Structure formats: structure tokens, C-alpha cells
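First, the structure itself, so that you have it in front of you.
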Amino acid sequence: MNSVSTTPSTVPTWDVRSILVPVDFTPASLHAIRQSAGMAVKMGSSLRLLHVVDCGLFNQVSRPVLEKTSEEVVREAEAQLRALADAELKNLPFDVKVVVGTPVEEILKTAAESGCDLIIMVQHEYKGVDRVLHRHTLRGVEDGAHCQVLTLHCDEAGEIEPKLWKGNVTSRVGEWVGKIFLRAFGTPNV
């Protein structure tokens, strides 16, 4: 864990060489990217943008089937995440990573493996059932991280649709879940 050092004649310093930014393609995640970029410039840090393809229930059903089926979606997500990073992170050192799994687990795993010093996330403002289903991601990362977690608040926090994703998200997710279901359980007898 990083430490903040103080001496009587200096301002406290915080050595942050690597920042992890989970991106879900919502407007709020764009806010996180931009704020992280500003911090990275000031601190001389590199950025790692991470997108976790979350299949919910299918994460636990059949991981081998899920990983095989997800290759196309991962490639598409990597291309879109790289395009977003290229547009927003002009001259900053960065890399992108897309994985399939449960967001909390994959964020913590990536943070530990890459030795990041800080995770920057945006707190979404979910309502109703979505609040119960999604609120645990931020809390799980805060509770399990080996490093500091900075939670940002922004005006777009209530926008939970992945508006930064280019293309038809609904049809892609529906098509993908359908393929996973068919590979896991076979064609239904009609």
C-alpha cells in the first residue's frame, strides 16, 4: 500500500505510478477517464482502462462456454475501449484490457496483477431493483482492494445506459446471451 510521507518543510506526497479505471461505457465512466487523465498528468502516472463483460447469471453457469463464446464480444469491446482511450488520452501512457467475469472480482484481480496504486471509479445512482443488483460493485472494490480507491461523483451518475458504446448494445447483448444459452444448454425442444 502506498504511504503519504510528510516532513516539516514539504507538502505530503503520494507516489501513484499506475491508475486503474474501470469503464462501463456510460457517460459517468467518461468522467472517470477524464478526471484520471488529469491526475495522471500531474502525478506522472500511467493509466489502465478496464472493461468487464458481465454476463450476470451466466458468469456462474458455465465458465468454459462463456469464455469461448465471448471472444468476439471481447475483441469488439477492446476496439471500442481503445478508440475511446485514443480520443481522450492523447499523449498519456495507457493500456486497455477487456475481460469476462464478475466486475468486482475482475477489477480486484486486474488491480493486484498490474500492481496499480489507485483505482478510480464513479458511483452510479441506480434506482429500484437496479440499486440492489449493482450497488455492490463499488462497495466490493472498496472493501477488497489492495490499494486506494477514489470514488468520483458526477452529474451523469444517473445515466446507466452504455451510451459511449458505438452500435446497437441491446442487440449485441441479446445475441451474445442467446449464443451462450444455446452452447450451455443446447437447442430447446419445440
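Between His146 and Ala83, what length comes free when the chain is fully extended (0.36 nm per residue of separation minus the Cα-Cα distance, one decimal in nm)?
Taking 0.36 nm per residue and subtracting the Cα distance, the gain is 19.8 nm.
In what order do Val99, Val41 fall by count of nearby beta-carbon atoms within 10 Å, going from fewest to most? All intermediate terms of the calculation are to be shown ahead of the outcome.
On the way: Val99 20, Val41 12.
Least to most surrounded, the residues fall as Val41, Val99.
Readers should treat all values here as calculations from the given coordinates under stated rules, not as data from a laboratory. Here the structure is a predicted model, which means the values were calculated and not measured. So basically every Cβ, Gly included, is an ideal-geometry build from the backbone, and we count neighbours across all protein chains shown.
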